[in-house]
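The values are calculated or read from the model by the stated rules, or taken from the named source; none is laboratory data. The model shown is predicted, which means the values in this text are computed figures rather than measured ones. Using ideal geometry, Cβ is built from the backbone for each residue, glycine included, and neighbour counts are taken over all protein chains shown. Ligands, DNA and RNA are stripped out before the accessible areas are found, and what is left, the full protein with its side chains, is counted by its heavy atoms. Shrake-Rupley method; radii C 1.70, N 1.55, O 1.52, S 1.80 Å.
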Amino acid sequence: MSVVTLPKETQRSSDATEFVAKRLFWLSIGVFFIGGFLSASVSLLVPQLKLLLVLDYKGALLIQIAFHSSYLLFALPAAVAVVRIGYMRAIFMGLAVMAAGCLALAVAQGLRDFVLVLGSLLLLSGGQTILQIAANTVVTVIGPSRGSAARLTLLQGFNSLGTVLGPLLTAPYLLANLSPGDTVAVTASLPFVASGAILSVLSIVYFSHRTLLPNKREMPPVSWTKGMTSVLRDRRLIWGIFAIFVYVGAEVTIGTLLTNVLMLPERLGVEPVTAGRLVSLYWAGAMLGRFAGAWAMTRISEARLLLFAALMALALTVAAVLLSGLAGSAALIAVGMCNAIMYPTIYALAMPQDSRMAPLASMWLCMAVVGGAIIPMLTGAVADAAGLLLALLLPAICYAGIALFAAMCMTPKETAA
C-alpha cells in the first residue's frame with residue numbers, strides 16, 4: 001500500500017492552521033461564557049424593575065428591546081470593523097465596549113434611572129454585537145469546514161454554562177426583598193461590576209493575541225456592493241436569517257418570562273428569588289444539550305437534529321400552556337434543552353461556502369438577533385391583553401418556523417444521497 005506524503009510547505013501550513021484553530025478555541029471559551037452570563041443576568045432585570053417601578057409587561061420588556069435592538073443598529077458598523085481591523089482586534093474592541101456598558105449599567109441601577117438603564121444596555125449589547133459577528137465567524141471559518149457546526153455548538157455549551165451560573169449567582173442580588181417603589185440596593189450592582197472587571201481582563205488577553213492570525217488582513221478583500229448582492233441571493237441564508245430571528249425571539253421570551261410564569265399560583269407560586277434561581281434549570285438544559293449536541297452531530301446530520309429539536313420545543317411550549325402545576329412548569333423549563341443546538345446549527349447551515357462572504361453573511365444573521373427584542377415585546381402585549389400563559393403560544397409558533405428551515409436544509413442532502 002502506497003503512502004502519500006504531503007509537501008513540507010503544505011504540512012507546515014496545515015500544522016499552523018491547526019495550532020491557530022486550537023488557540024482560538026481556548027481563547028473563545030471565556031468570551032462565550034461571559035456573554036451567556038450577562039444575557040441571563042440582564043433577563044432578571046425584567047422582573048426586578050417590573051416590581052420596583054410598577055411596570056406592565058410591555059414596559060418591563062423594553063429592557064429586551066434595548067439589549068437586542070443594537071444587533072440591528074450596529075451590525076453593519078461591526079461587520080465593517082471586522083473587515084477593516086481583523087477578527088482579533090474586533091473581538092478586543094467588543095470586549096472593551098461591553099466592559100464600559102457593564103460599569104454604566106451598575107451606575108444606572110444605583111441611580112434608579114430607567115432611561116439610563118436602557119442606554120447602558122444598548123452600549124453593552126453594542127459590544128456584544130461586535131463579538132457575535134467576529135467570534136462566531138472566526139470560529140466557523142478558521143479550521144476544517146467539516147465540523148464547524150460542532151465546534152460552534154461546543155463553544156455555545158460554555159455560553160450556556162454562563163447562562164446557568166448567571167441566574168444562580170445574580171438572583172440573590174437582583175431579586176431579593178423587592179417591593180413596589182423600593183430603592184435599588186447597592187449590592188444589586190455587584191454582578192455587573194464583577195462582569196465589567198472580567199471583560200476588561202479578557203480584552204487585554206485578546207489584545208495581546210492580536211497578531212495570532214497569520215495573514216496581515218486576516219481575510220481577503222471583498223467588494224461590499226458585490227458581496228451584499230451575492231449573500232442576499234442565497235436562499236438558505238435568507239431562511240437562516242428568518243430562523244435566527246424567531247429562535248432568539250422564542251428563547252429570550254421564555255427565558256425572560258419564566259420567572260413570572262413560575263410565580264403564578266396555577267404553576268409553582270414561588271417567591272421571586274426562588275423563581276429566578278429556577279430559571280437556571282432552563283439554561284442548564286441548553287448547556288447539557290449543547291455538549292450532547294456537539295457529540296450527536298458526529299453521528300446525525302445537523303439539519304435532521306435541528307428539525308427534531310424544533311418540533312420538541314413546539315410540543316413542550318404548547319404543553320406548558322395546557323398543563324398546570326409542576327407538569328406545565330417542567331415542560332417550559334425543558335424547552336431549554338431543545339434550544340441547545342439551534343443557534344450554532346442555524347448559523348453554520350446558513351453560512352455561504354465562500355469564506356470571503358462570511359463577515360457579510362454574519363452581519364445579516366447578527367441583525368436577525370433583533371428578534372430577541374421584537375418577539376418578547378409582542379408576547380408582552382399579548383400577555384397584557386390575554387394572559388401570560390396564552391402569550392406563550394407566540395414562541396411556540398416561532399419553533400414551527402425553525403422546523404421549516406431545518407426541513408429545507410435537510411431535503412437537498414437527502415436528495416443528493
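The heavy atoms of residue 208 offer some 70 square angstrom of accessible surface to a 1.4 angstrom probe. Would you work out if segment 49-121 is rounded, prolate or oblate? Take a ≥ b ≥ c from the square roots of the eigenvalues of the alpha-carbon gyration tensor; rounded if a/c is under 1.5, else prolate when a/b is larger than b/c, oblate otherwise. Oblate, because a/c is 1.5 or more while a/b does not exceed b/c. Taken one residue at a time, the phi angles of segment 34-39 give Karplus couplings (6.51, -1.76, 1.60, θ = phi - 60°) of 5, x, x, 4, 6, 4 Hz. Gly and Pro are set to x.
Using a probe of 1.4 angstrom, how much of the accessible area of segment 242-390 is carbon and sulfur, in percent? Spell out each step's value before the answer.
Working: 3600 of 5060 Å².
Carbon-and-sulfur percentage of accessible area, whole number: 71.
Quick one: check the C-alpha center-to-center distance for segment 240-305 versus segment 327-350, whole angstrom. Value for the Cα centre distance between the two parts: 6 Å. Across the protein chains, with a 1.4 Å probe defining accessible surface, the residues 22, 58, 50 rank 22, 58, 50 from largest area downward. What segment 284-417 shows is 37 Å² of accessible area per residue, with the surface traced by a 1.4 Å probe over protein heavy atoms.
Rank-order 254-260, 386-392 by packing density, defined as the average count of other C-beta atoms within 10 Å over each peptide's residues, highest first.
Numbers: 254-260: 26.0, 386-392: 17.3.
Highest to lowest by the protection proxy: 254-260, 386-392.
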